[in-house]
Amino acid sequence: MARKLKSDKWLFGAAFFLVCVSVVMVYSALAGKAMDATSVPVQLMARQATWVLVGSLLMVVVMRIDYRAWQQPTVINTAVGGVLAALLLLAAMKLLGAGHNVKGAVRWLGVGSIGIQPSEFAKLAVILFVAQRLSHRMERINDLKSVLVPVGSVLGAMALLILYQPDLGTTVSICIVAFSMLFAAGLSLQYIGLSALIATPALYVLVWLVPYRRARVLAFLDPWADPLDSGFQIIQSLIAVGTGGLLGRGLMEGLQKLRFLPEPHTDFIFAVISEEAGLAGAIAVLLALLVIAWRGLRIAANAQDRFGAFLAVGLTTMMAVQGLINISVVLGLLPTKGLPLPFVSSGGSSMLVNLIGLGILLNVSQHAAIES
């Protein structure tokens, strides 16, 4: 008699908790916008709830699809090709001065107020491609022709197109995810060292020689040198975190979101949580992210084949690294960078990608549970 498939309840519970936090805290974080137009917070909140609903439905569907189906060449080629085509379209739109421009960046495709960020879906495409390549050629992980050149070509093409938008944070996070999968497969330390040598001058050019990025680094080192401009975000974020105390000011009672804290519902939502729910709420969110990382790596260790293991490593790293970067920025441990907090920040593309990734991860756990 066939046994019933069982998903990882700890993983699902931690993600469900974060999604619930998102629905509540995004609404609270948008309270400051009511000072400008009472309809804006309601509209944005309704949009966030819609993304959560759509993402949850997709998660349920994906969770019921055998993860091994994702390694089919047709699926991999469609995913990689579709994302590259979308990124190329964005690059062409920016070159022609078209598209939805936000603070000099063209990152969204869509109609009206509904937009999709292809760079978010690039994460899933890279994870699927690298997992499929490693699952078949792990013994030749250090072979240029079999693994490194194909992976480097796809990763490099996507990274360059995302950098052109520009979006350095997403580019770095995608590269970290890919390298974590290669490292797990046994990539030689020589190649890791060579990559570090190449990345160092590249980051210098991309960060220090670009005025607004250099200003962010300088603000990170000394935010009080320019408290009303480049250091404003970090200072306001630290004030929000510091004034929350143990239990916080209370839901909807935060002050920094009222025109002080930039982007309180997206990049700095952890600061709003810290101010309104205090240290207790901040630790709860952090523990949920740690549970996701723990269970994801456990699923990778117990996966029944290489593809499932590398999928789990990539998806877990995607969620964990982005969460670590977001929280580090809010706490002033890293220069300011616009990366959303997984499952929590307002934003459709990020929510969809993380919930789809969660569905795949839960399916891997199902098969590990039934066959172990």
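The values are calculated or read from the model by the stated rules, or taken from the named source; none is laboratory data. Bear in mind that the values here come from a model prediction, so they are computed numbers and not experimental data. A quick note on method: Cβ atoms are made from the backbone with ideal geometry, for glycine too, and the neighbour counts reach across all protein chains shown.
The table below lists the values:
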{"read-out": "Qualifying residue in the range 53-69 (condition: at pLDDT 90 or above and farther than 25 Å from Val126 by Cβ)", "value": "yes"}
{"read-out": "Only listed residue being among the polar types (S, T, N, Q) and without any contact (Cβ under 8 Å) to a residue 24 or more places away in the chain, chosen from Ser135, Ser180, Ser119, Ser153", "value": "Ser153"}
{"read-out": "Residues of the range 265-278 that turn out to be at pLDDT below 90 and either more than 16 Å from Ile325 (Cα to Cα) or among the aromatic types (Phe, Trp, Tyr) (or both), as a count", "value": "1"}
{"read-out": "Conditions (1) at positive phi; (2) at pLDDT 95 or above; number of the one not met by Trp294", "value": "(1)"}
{"read-out": "In the range 156-188, residue nearest to the chain's Cα centre (by Cα) [restricted to those that are polar (S, T, N, Q) and in a loop (DSSP other than H, G, I, E, B)]", "value": "Gln165"}
{"read-out": "Hey, Gln256 modelled with pLDDT of 90 or more and under 18 Å from Ser345 (Cβ atoms) or not", "value": "no"}
{"read-out": "Residue within the range 121-129 that is buried (at least 20 other Cβ atoms within 10 Å of the Cβ), assigned to a loop (DSSP other than H, G, I, E, B) and not aliphatic (A, V, I, L, M) present", "value": "no"}
{"read-out": "Counted residues, the range 97-113 - those being over 18 Å from Gly348 (Cα atoms) and modelled with pLDDT of 85 or more", "value": "0"}
{"read-out": "Filter result (exposed (fewer than 14 other Cβ atoms within 10 Å of the Cβ), assigned to a strand (DSSP E or B) and in contact with a Lys or Arg (Cβ under 9 Å, 6 or more places away or on another chain)) within the range 95-113", "value": "Asn101"}
{"read-out": "Selection count, the range 246-271, where residues are in contact with a Gly (Cβ under 7 Å, 6 or more places away or on another chain) and among the acidic types (Asp, Glu)", "value": "1"}
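This table checks each residue for (1) of a type outside the set (A, V, I, L, M); (2) at pLDDT below 95; (3) over 20 Å from Cys175 (Cβ atoms); (4) not in a helix (DSSP H, G or I).
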| residue | (1), (2), (3), (4) |
| --- | --- |
| Ala31 | no, yes, yes, no |
| Ala49 | no, yes, yes, no |
| Gly82 | yes, no, yes, no |
| Met93 | no, yes, yes, no |
| Gly115 | yes, yes, yes, yes |
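Residues are listed down the side, and each one gets a yes or a no for (1) crowded, with 24+ Cβ neighbours inside 10 Å; (2) in a loop (DSSP other than H, G, I, E, B); (3) touching a residue at least 60 places away in the same chain (Cβ under 8 Å):
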residue	(1), (2), (3)
Ala282	no, no, no
Ile299	yes, no, yes
Gly314	yes, no, yes
Ala320	no, no, no
Leu324	no, no, no
Ile327	no, no, no
Leu333	no, yes, no
Ser346	yes, yes, yes
Asn354	yes, no, yes
